[in-house]
Structure formats: C-alpha cells, structure tokens
1. Out of region 219-239, which residues are surrounded by fewer than 24 Cβ atoms within 10 Å (Cβ to Cβ) and either in a loop (DSSP other than H, G, I, E, B) or among the polar types (S, T, N, Q) (or both)?
2. Would you please name the residue that is nearest to the ligand (Cβ to nearest atom), looking only at residues in region 127-165 that are of a type in the set (Gly, Ala, Ser) and assigned to a loop (DSSP other than H, G, I, E, B)?
3. Looking only at region 339-347, decide whether some residue is of a type in the set (Val, Ile, Thr), touching a residue at least 12 places away in the same chain (Cβ under 8 Å) and in contact with a helix residue (DSSP H, G or I) (Cβ under 7 Å, 6 or more places away or on another chain).
4. Assuming ILE79 fulfils every condition listed in (1) of a type in the set (Val, Ile, Thr); (2) more than 16 Å from the ligand (Cβ to nearest atom); (3) closer than 29 Å to GLN268 by Cα apart from one, which condition is it?
5. Taking the stated definitions as given, is VAL269 of a type outside the set (Phe, Trp, Tyr) and over 28 Å from ALA71 (Cα atoms)?
6. When you scan region 293-300, do you find a residue that is part of a helix (DSSP H, G or I) and within 19 Å of PHE39 (Cα to Cα), even just one?
7. May I ask you to list the residues in region 34-83 that are within 30 Å of LEU314 (Cα to Cα) and either in contact with an Asp or Glu (Cβ under 8 Å, 6 or more places away or on another chain) or free of Cβ contacts under 8 Å to residues at least 40 places away in the same chain (or both)?
Amino acid sequence: MNTFDINKLLRNNIRQLSPYQSARRIGGQGQVWLNANEFPYPRSYQWQQNTLHRYPKPQSELLINAYANYANIKPDQLIVTRGADEAIDLLIKAFCDPNQDSVIYCPPTYGMYEICAKTYGVKCKSIATLANWQLDLSAIEQQLDSVKLVFVCRPNNPTGNTVEAITIKHLLEITKQKALVVVDEAYIEFTPTQTLTTWLNSYPNLVILRTLSKAFALAGLRCGFAIANSAVIDVLTKISAPYALPTPVIDIAVEALSSAAIKIMQQQVKQINELKQQFADQLNALSCVQQVYPSDGNYLLVRFNTESNIFKQLWQQGIILRDQHQQLGLENCIRITIGTGDECATVIQALKQLAKE
Ligand SMILES: *Cc1c(COP(=O)(O)O)cnc(C)c1O
C-alpha cells in the first residue's frame with residue numbers, strides 16, 4: 001500500500017492543476033453570502049413526472065423548445081448542458097487537440113476557461129484586455145495560430161463591463177476560417193438587449209453560452225445551454241454524455257421557462273438592477289471606496305483604498321464577498337453580488353463601521 005503513488009498514474013497536466021476556486025470551495029461562515037452572483041431569492045418549483053425508473057432523453061424536446069422560444073432561436077441551434085460550465089468543457093473537448101491547440105481568453109475574466117483548457121492539456125493564450133477592459137484585437141489577431149476557441153465573457157465577470165458589439169464583430173471576422181468565438185452570456189438577462197443571438201445567421205463561428213444559474217435563480221439546478229449554428233450543436237451533441245440531464249432538472253427547467261415564470265424573472269431582474277444603482281451610489285459615498293465600476297451584471301466590482309484589508313474584515317463578520325486581488329489589474333478589488341436590500345444595507349453598515357475604527 002505505502003509504495004502506491006497516485007502521482008505516477010496521473011497525467012502531468014492534472015498533477016500541476018490547481019482547481020477552480022469556486023465560491024463554495026472557498027467556503028466561509030456567516031449570514032450574508034454575496035460571493036457567487038447567485039440570485040438572492042429562491043423561487044419555488046415542483047417537478048412533475050414520476051418516471052425516475054427510466055433514463056431521461058439525451059435532449060428533452062420540451063426543454064429545447066421552451067428555451068429556443070425564450071431565446072428567440074431555432075431548436076436546432078441549441079444544446080442543454082449541466083450548467084454553462086459543461087458547455088465550456090464540451091467545446092474544449094470537441095475542438096482542441098491536447099498539446100497542440102490553444103484557447104484565448106482575456107483577463108481579468110471568468111476563471112473556468114483557463115482551468116478547463118488546462119484539464120485537457122490544451123494550451124492557454126491569456127491576452128490582457130486594454131485599460132478600459134475592452135479586447136486587444138490586434139494582440140488577438142497576432143496570436144491566432146493554433147487557436148480553436150476565443151472566450152469572451154459578455155457582460156464580463158468580474159468587471160461588469162460589456163465588450164462593444166463592434167469589437168465582437170471584428171473578432172468574428174478575423175477568426176472566421178480559424179476559430180470559434182464563444183460569447184459567455186451568463187448575465188445577459190441583466191442587460192438583455194446586448195445579446196448576440198441575432199448574429200447567428202451571419203456568423204457560423206459564433207457560439208453563445210447561457211445559464212439558468214443567475215437571473216433564473218437556479219444555480220443549484222445545474223442547467224445551462226450552448227447556442228450556435230446546427231453544425232456546431234451537432235458536434236457537441238455527439239460528445240455529450242448519454243443521459244446528461246436528470247429528469248427533475250429537465251422538469252424544473254421547463255417550468256422556469258413558462259411565460260409566467262419568465263415574467264417574474266424579468267420583474268425581479270429589474271428590481272436587482274435598481275438596487276444595484278442605489279448600492280453603487282451608497283458605496284461611492286464611502287471614504288474607503290476608491291471606485292465602483294459600472295456593471296451590466298448582478299454584481300459590482302469595487303476598488304477600495306489600499307490601507308485596510310476590507311475583504312478579510314468583512315469575512316470575519318460573516319459577510320462573504322469575492323476577493324479579486326489575484327486577478328490581473330484588480331488590486332484591492334472586491335466583487336459584490338447584489339443581494340436583497342437588507343444584505344446590501346448590511347454591507348454598507350459594516351463598511352461605515354470599519355471606517356470609524
Ligand atoms: C456563473 C458563471 C458561469 C457558470 O454557470 P453555470 O451554468 O452555473 O455552470 C459561466 N460563466 C460565467 C461568466 C459565470 O459567471
């Protein structure tokens with residue numbers, strides 16, 4: 001037994017891999033959880049079918065049709081996945097040869113593009129965004145050799161900005177015969193007119209990621225989507241697990257996509273957006289705050305003055321936020337999810353208190 005060394009069996013890239021530091025993995029203890037961009041209120045769902053003795057269909061037409069209808073696309077332009085994270089995984093698995101192909105992502109941004117690529121032994125080209133967090137297109141264009149996927153988070157997590165549509169158009173042009181452009185629209189419900197789904201007909205290399213985890217308040221359900229032209233969708237379908245989606249997940253997702261449930265979601269999104277504005281104003285008025293960045297998501301990126309360790313002090317009080325200091329250019333930055341009005345007020349109170357001490 002003691003001569004058994006698991007590391008001798010492991011692939012090199014997995015031995016070296018540090019796992020994604022998800023909010024739940026980092027942990028914490030307390031009452032105010034504003035670190036995972038979850039929706040602050042639960043909605044209640046009931047799943048209907050008593051058919052758990054049967055395998056589910058690989059892709060439920062009911063769910064496909066419901067989401068296609070919501071997103072205003074054709075059913076053959078859609079695949080359902082276990083969260084948007086599985087869609088990232090499927091794309092890399094399908095299109096990138098290990099040790100040969102690369103992906104591009106543009107920090108500061110969502111961490112899973114890098115970690116997923118590294119898990120498959122796929123090379124990463126990290127191309128920093130410009131000072132205003134727009135894409136550095138000329139740097140991207142110069143580094144497209146061996147690149148199969150370019151990930152753009154839009155609106156961007158954690159900065160909250162939305163890369164200009166014209167930039168994505170140029171990106172789609174320069175990658176046209178070479179790579180897929182994957183636009184991660186996890187937060188699109190908070191800025192719905194920015195969606196690029198209407199571009200699918202013009203760009204065969206456009207892929208869009210969606211999820212029920214954020215505005216639909218279903219992070220625990222694990223349901224996401226990839227949207228693209230049918231040629232791409234067929235490839236992802238080919239490699240997806242035989243029975244990827246549990247029957248209760250399909251049932252609840254269909255319920256969440258009824259027109260009544262969509263209306264409720266949209267009303268609550270409006271409230272969150274209003275609260276975000278008030279919260280930003282209140283934060284801006286605090287002496288410890290250097291800058292609150294405009295955000296199109298359900299979160300704010302806040303840069304604090306350098307002196308104090310705000311993140312840790314709030315953490316010790318049971319107010320759990322998301323530290324961003326390790327991200328490129330985000331020194332002293334914390335990402336705060338827009339919670340309930342009470343939760344936002346608690347954060348403001350705690351920050352005022354710290355300033356007094
Ligand atoms: C939350 C998030 C995801 C993951 O969504 P799931 O559907 O829960 O896997 C993907 N992309 C971004 C940018 C996110 O913030």
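1. Matches in region 219-239: ALA219, GLY220, LEU221, ARG222, ASN229, SER230, THR237.
2. GLY160
3. There is no residue in region 339-347 that is of a type in the set (Val, Ile, Thr), touching a residue at least 12 places away in the same chain (Cβ under 8 Å) and in contact with a helix residue (DSSP H, G or I) (Cβ under 7 Å, 6 or more places away or on another chain).
4. With (1) of a type in the set (Val, Ile, Thr); (2) more than 16 Å from the ligand (Cβ to nearest atom); (3) closer than 29 Å to GLN268 by Cα applied to ILE79, the lone miss is (2).
5. No.
6. Looking through region 293-300, none of the residues is part of a helix (DSSP H, G or I) and within 19 Å of PHE39 (Cα to Cα).
7. Correct list: LEU34, PRO40.
Rundown of residues vs (1) part of a loop (DSSP other than H, G, I, E, B); (2) in the same structural domain as THR193 (by TED's automatic domain parsing); (3) within 30 Å of LEU149 (Cβ to Cβ), yes/no style:
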site	(1), (2), (3)
PRO19	yes, no, yes
GLY28	yes, no, no
ILE73	yes, yes, yes
ASP85	no, yes, yes
ILE92	no, yes, yes
PRO107	yes, yes, yes
TYR110	yes, yes, yes
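The values are calculated or read from the model by the stated rules, or taken from the named source; none is laboratory data. These numbers come from a predicted model, not from an experiment. Methodologically, a virtual Cβ is constructed for each residue, glycine included, from the backbone with ideal geometry; neighbour enumeration extends over all protein chains shown.
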